[in-house]
Amino acid sequence: MEIAPSNVVLLRWGDQVTSALKKANREWLRTIFHFTAAWCGPCTTIAPVIEELSHKFPNVTNKIDVDQEGLGSLLGNLQIYSV
């Protein structure tokens, strides 16, 4: 069985997250924002489901590692306090 390439977009910087949020809002896109961390067990468990959804809904699946430097205030503004 051939595995399709991932459609999940890794957003590394705050401006990328903000831009993706604005685009989803502006274009009324149903968008998946997967806030995750490498050390998070439940995040790792749900990752294959997110990957599967990315194939079903290409171009709308985003992954944000909450441990990326410089995202703290943005995550606070989005009221994301834990994963």
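With θ taken as phi - 60° and the Karplus curve 6.51 cos²θ - 1.76 cosθ + 1.60 applied, the whole-hertz 3J(HN,Hα) list for region 56-68 is 6, 10, x, 6, 9, 10, 10, 10, 10, 7, 5, 8, 5 Hz, x standing for glycine and proline.
Restrict the search to the chain; then list the trypsin sites (Lys or Arg not before Pro) that DSSP places in a loop and that have at most 13 other Cβ atoms within 10 Å of their Cβ.
Numbers: sites: Arg12, Lys22, Lys23, Arg26, Arg30, Lys56, Lys63; in loops: Arg12, Arg30.
Hits after loop and neighbour filter: Arg30.
Regarding the chain, what's the average projected area of the Cα-atom convex hull, expressed in nm²?
The Cα convex hull of the chain, projected and averaged over all directions, gives 5.9 nm².
Taking amide hydrogens as placed 1.01 Å from N in the peptide plane, the amide H of Thr61 sits under 5 Å from those of Val9, Ile32, each at least 5 positions away in sequence or on another chain. Taking Cβ atoms as reference points and 12 Å as the exclusive limit, the residues near Ala20 contribute a net charge of +3, counting Lys and Arg as +1 and Asp and Glu as -1. Residues in region 1-66 average 73 Å² of solvent-accessible surface per residue, probe 1.4 Å, ligands and nucleic acids excluded. Gain on full extension, evaluated as 0.36 nm per residue between Leu29 and Leu53 minus their Cα-Cα distance, stands at 7.2 nm. Could you work out the helix-only [θ] at 222 nm for the chain, with each DSSP H run of four or more residues adding -39,500 (n - 2.57) and the total divided by the number of residues, to the nearest 500 deg cm²/dmol? Using -39500 (n - 2.57) per qualifying helix, the result is -13000 deg cm²/dmol. Residues considered: Val66, Val17, Val49. Largest GNM mean-square fluctuation over the chain, using C-alpha springs under 10 Å, is found at Val49.
The values are calculated or read from the model by the stated rules, or taken from the named source; none is laboratory data. Here the structure is a predicted model, which means the values were calculated and not measured. Positions of Cβ are generated from backbone atoms using ideal geometry, with glycine treated the same way; all protein chains shown enter the neighbour counts. Keep in mind that these areas ignore ligands, DNA and RNA; they rest on the heavy atoms of the full protein, side chains included. Shrake-Rupley method; radii C 1.70, N 1.55, O 1.52, S 1.80 Å.
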